[in-house]
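The values are calculated or read from the model by the stated rules, or taken from the named source; none is laboratory data. Being a predicted model, the structure only gives us computed values, none of them experimental. Positions of Cβ are generated from backbone atoms using ideal geometry, with glycine treated the same way; all protein chains shown enter the neighbour counts. Just the protein is used for accessible areas: all its heavy atoms, side chains included, with ligands, DNA and RNA removed. Shrake-Rupley method; radii C 1.70, N 1.55, O 1.52, S 1.80 Å.
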Amino acid sequence: MKKHHISATINGDEVDFLCETSETLLDVLRDDLNLTGAKEGCGTGDCGACSVTLDGVLVCSCLVLGVEAEGKEIETIEGMADGDELHPLQRKFVEHIALQCGICTPGLLISARSLLEKNPDPTEEEVRFGLAGNLCRCTGYQNIIKAVMDAAQEMRGA
Amino acid sequence: MKPSAFNYAKPSSVDEVLGLLSEHGDEATILAGGQSLMPTMNMRLSAPSLVIDINGLVDLSGISSDGDSLRIGALTRHVEIENSPEIAKHAPLIAMAMPSIAHPAIRNRGTMGGSVAMADPAAELPACLCALGAEIEITGSGGARKVAATDFFRGLYDTDLGDGEILTAIEIPKISAGYRSAFDELARRHGDYAMCGVAAHAKVDGGTISDLRLVFFAVGGTPVAAASASAAMEGQSVDDNSIAAAQAALEEDISPFDDLHCSATLRMHYAKELTKHVLTTLAAG
C-alpha cells in the first residue's frame, strides 16, 4: 500500500507527513509526529483519552484516519499551554489535584476546553454530561469537576 | 490496535462512489463519520480492502425544509441535527433523542446516514425514524429510490441497501398539528448503548391519545413497533388503567433477549416502565 502525503496544521504549525491508510490520526500523532500526549485507551471511542480537536471540533483521534487530516487544523494537548504559561484549565487541574495516573488528563483537558468554548458558564450537571465521554479510573471525577468549574469562573473573569 | 491494511479513495461525486462500489463489491466499505466503522476496523472485526471516504461529498450534507417534510442529507453530522432549530420545530422526536447518542466527541463526527445504514439494533435514530414514518433515500446506478424506514431495517445489521447502493438522504414528515413526541431509554451509563429504549409519537387531543406509534430499540434485531400496545391506547386518556392495558399488550409486541447487560425479564420490565413514562410525558405535553 502506498503511503499518503498529508499536509495539516498541528498546534499552529504547518506539518507534512507520510502515513499509511491504516494509521489513525492518533497513530500519526503518537508514532510519526512524537506527540504522545493523546493516549489510546480503547480504540473504540468509549474513553476519550485520545481527544483532540479537528478544525476546532472535539473528536476521538482513534476514530479518524490519518489521511482524513489533509488540510485540517488539529490541536492537541501539546499546544494547550502558552510556552511555560499553563492554560487556566491545566493550572486548576494541578491546584485541585484533578489527576492521579494522568492517562485520561490530556483528553479531559482538551474536552473541557471544548466544552467551555461552547458554554463558558456551565452548571455542574452540564460539565458532568459534557465530559461524560472521558473516562477516569482514578479520581472519581469530583476534583475534575471542581477544577473545570473553577477554571470556567476564572476564564469568565468572574 | 490498528486496522489491517486497506486502499483508500476519496471520490468527489456520488457517481464516482457508485462506480467504486460496483467495481469492488463487498470488499469496499463507505466511510462517513467513521464512529461505528472505525471501532470495528480498530478491533479488526471488519477488514475492508477499500475504504471509500465520502466526506468530500458536500451535497450530501445539510438539513433542508421541503413543503411537508424535512430532508436530512446522509452526511449531516449528529451535532448539526442536535443544534438545528428546524429539527427542534418540525421533528422534535429527533431532537429529544440526540443527547442520548453517545458523547459530544462522537456526535461531532457521526452522521445520520451512517447511523441508519449501520442499523445497530440498540441505536436511537432508526427507532425514531420508524415512529415518525420517515423515508430513506437510496441511490444506485439506476437512480434514487425511497423506502419506508419500517421496511428498511430488515434484521440484525441488515437493511434494504443493495449491492452497489448508497444511502443519500432521510426524509421526515414534519410534525402535524396536535401531535406530540416522547423519547426515553435506559442505559448503564449516559451515552452507552441502551438496554432498552422507546420512541413515541401520537396525536394528543385534550389528553386523549390516538394514532400512537411506540417503537422500541435494543429489544430485538431491528427497531420493533409495538402495534398492540399502541392500539390499546387508541382513544384512551392516559391513566393507571390504560397504562396497565398498554403494558399488558406489550407482551405480544416484543420478545426481549438475555445478554451481558440485563436479562430478558428485566428488559421487558424496562420496556413496560418506559411505556408508562413516555405515555405520561405525551399526556403532559
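A few notes on this one:
- Taking the listed residues A:GLY71, A:GLY66, the one that is in contact (Cβ under 8 Å) with a residue 60 or more places away in the chain, surrounded by fewer than 21 Cβ atoms within 10 Å (Cβ to Cβ) and not assigned by TED's automatic domain parsing to the domain that holds A:ASN119 is A:GLY71, with no other qualifying.
- Condition met for A:GLY12 (modelled with pLDDT of 95 or more, open to solvent by 40 Å² or more (accessible area, probe 1.4 Å) and outside the structural domain of A:MET149 (by TED's automatic domain parsing)): yes
- Some residue of the stretch B:20-31 being in contact with a helix residue (DSSP H, G or I) (Cβ under 9 Å, 6 or more places away or on another chain), within 21 Å of A:GLU40 (Cα to Cα) and more than 8 Å from chain A (Cβ to nearest Cβ): no
- Of all residues making up the stretch A:120-139, the number that are open to solvent by 40 Å² or more (accessible area, probe 1.4 Å), farther than 14 Å from A:ILE103 by Cα and not aromatic (Phe, Trp, Tyr): 7
- Selection count, the stretch B:17-62, where residues are in a strand (DSSP E or B) and either open to solvent by less than 20 Å² (accessible area, probe 1.4 Å) or touching a residue at least 60 places away in the same chain (Cβ under 8 Å) (or both): 7
- Boolean, B:GLY206 is out of contact with any helix residue (DSSP H, G or I) (no Cβ under 9 Å at 6 or more places or on another chain) and on the phi > 0 side of the Ramachandran plot: yes
- Enumeration of residues in the stretch A:1-41 that are within 20 Å of the chain's Cα centre (by Cα), of a type in the set (Val, Ile, Thr) and within 12 Å of chain B (Cβ to nearest Cβ): A:THR24, A:VAL28
- For the residues B:ALA97, B:ALA74, the requirement of being in contact (Cβ under 8 Å) with a residue 40 or more places away in the chain and out of contact with any Gly (no Cβ under 8 Å at 6 or more places or on another chain) singles out B:ALA97.
- Residue that is surrounded by the most Cβ atoms within 10 Å (Cβ to Cβ) [pool: residues in the stretch B:141-183 that are touching a Lys or Arg at 6+ places or on another chain (Cβ under 9 Å) and touching a residue at least 60 places away in the same chain (Cβ under 8 Å)]: B:ILE170
- Residues in the stretch B:174-206 that are under 17 Å from the mean Cα position of the chain (by Cα) and under 30 Å from B:LEU31 (Cβ atoms): B:PHE183, B:GLU185, B:ALA187, B:GLY191, B:ASP192, B:TYR193, B:ALA194, B:MET195, B:GLY197, B:ALA199.
- Qualifying residue in the stretch B:103-112 (condition: more than 18 Å from B:THR168 (Cα to Cα) and under 16 Å from the mean Cα position of the chain (by Cα)): yes
- Condition broken by A:GLU154, with the remaining ones in (1) out of contact with any His (no Cβ under 9 Å at 6 or more places or on another chain); (2) within 30 Å of B:GLY33 (Cβ to Cβ) satisfied: (2)
- B:ALA245, sole failed condition from (1) at pLDDT below 95; (2) open to solvent by 40 Å² or more (accessible area, probe 1.4 Å): (1)
- Of the numbered criteria (1) of a type in the set (Val, Ile, Thr); (2) closer than 30 Å to A:ALA132 by Cα; (3) buried (at least 16 other Cβ atoms within 10 Å of the Cβ), the one B:ILE209 fails is (2).
- Filtered by the rule that a residue be open to solvent by 10 Å² or more (accessible area, probe 1.4 Å) and among the hydroxyl-bearing types (Ser, Thr, Tyr), the stretch B:63-78 gives B:SER64, B:SER65, B:SER69.
- Residue check, A:GLU154 surrounded by fewer than 18 Cβ atoms within 10 Å (Cβ to Cβ), in contact (Cβ under 8 Å) with a residue 60 or more places away in the chain and within 28 Å of A:ASP32 (Cβ to Cβ): no
- Of all residues in the stretch B:63-90 being acidic (Asp, Glu) and in a helix (DSSP H, G or I), the one that is farthest from the other protein chains (Cβ to nearest Cβ): B:GLU86
- The helices (runs of 4 or more DSSP H) found entirely in the stretch A:79-137 that carry 1 or more residues being within 12 Å of chain B (Cβ to nearest Cβ), hydrophobic (A, V, I, L, M, F, W, C) and farther than 12 Å from A:VAL148 by Cα are A:124-130.
- Selection within the stretch B:1-13: residues that are open to solvent by less than 40 Å² (accessible area, probe 1.4 Å) and either within 24 Å of the chain's Cα centre (by Cα) or at pLDDT below 95 (or both). The member of this set that is farthest from the other protein chains (Cβ to nearest Cβ) is B:SER4.
- Output for the stretch B:174-229, where each listed residue is of a type in the set (Val, Ile, Thr) and not in a strand (DSSP E or B): B:ILE175, B:VAL219, B:THR222
- Residue list for the stretch B:142-165, restricted to those being of a type in the set (D, E, K, R) and within 15 Å of B:THR222 (Cα to Cα): B:ASP151, B:ARG154, B:ASP158, B:ASP160
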